[in-house]
Amino acid sequence: MSVKSLLICFNSFLKLNSCLFGLKLLEVLVDYLLFWLNRRQRTEYVSLFDLPGPTTDVNELLISVCFKNKFFLTVSKPSWLPNEIETSDELFKSNITQKMAIPDIKRAAFHILSLFNKRYFGPVTFLPEDEKLADNFFHLA
């Protein structure tokens with residue numbers, strides 16, 4: 001996917017909120033947003049997400065958002081060694097599984113993009129030449 005088409009998708013998502021993206025595309029959008037914020041030294045996200053400081057690692061940001069907001073998925077994991085149970089019927093009869101919580105990265109990415117859309121990161125334009133022109137349009141209510 002080209003940068004131009006990525007920006008078009010990103011802009012469409014933020015304006016219309018009508019597109020559903022897969023997990024990887026959500027991560028790419030959040031990664032680009034993080035890059036953009038760091039590049040322009042916009043560190044509002046640090047206090048918003050209780051981070052120790054600015055980060056360039058999108059996974060660190062997403063995991064932090066998951067822990068701060070308790071975004072977890074419960075999954076079942078087998079708790080046996082493969083040679084202990086011969087068939088899946090034995091597994092279902094014995095119910096030998098463990099439940100575990102894993103971070104819900106997709107929900108965290110949606111949350112970050114939603115906060116961005118609600119202007120929690122302040123007024124934003126993606127093209128540097130548009131920033132001065134956009135000053136007339138960004139007025140906090």
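Could you tell me whether Leu51 is part of a helix (DSSP H, G or I) and either modelled with pLDDT of 90 or more or closer than 16 Å to Leu115 by Cβ (or both)?
No, not satisfied.
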Residue in region 40-53 that is nearest to Ser64 (Cα to Cα), counting only those that are surrounded by fewer than 10 Cβ atoms within 10 Å (Cβ to Cβ) and not small (Gly, Ala, Ser)
Pro52
Total residues in region 86-117, condition assigned to a loop (DSSP other than H, G, I, E, B) and modelled with pLDDT of 90 or more:
1
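The values are calculated or read from the model by the stated rules, or taken from the named source; none is laboratory data. Because the structure is predicted, anything quoted here is derived from the model rather than measured. Backbone-built Cβ (ideal geometry, glycine too); neighbour counts: all protein chains shown.
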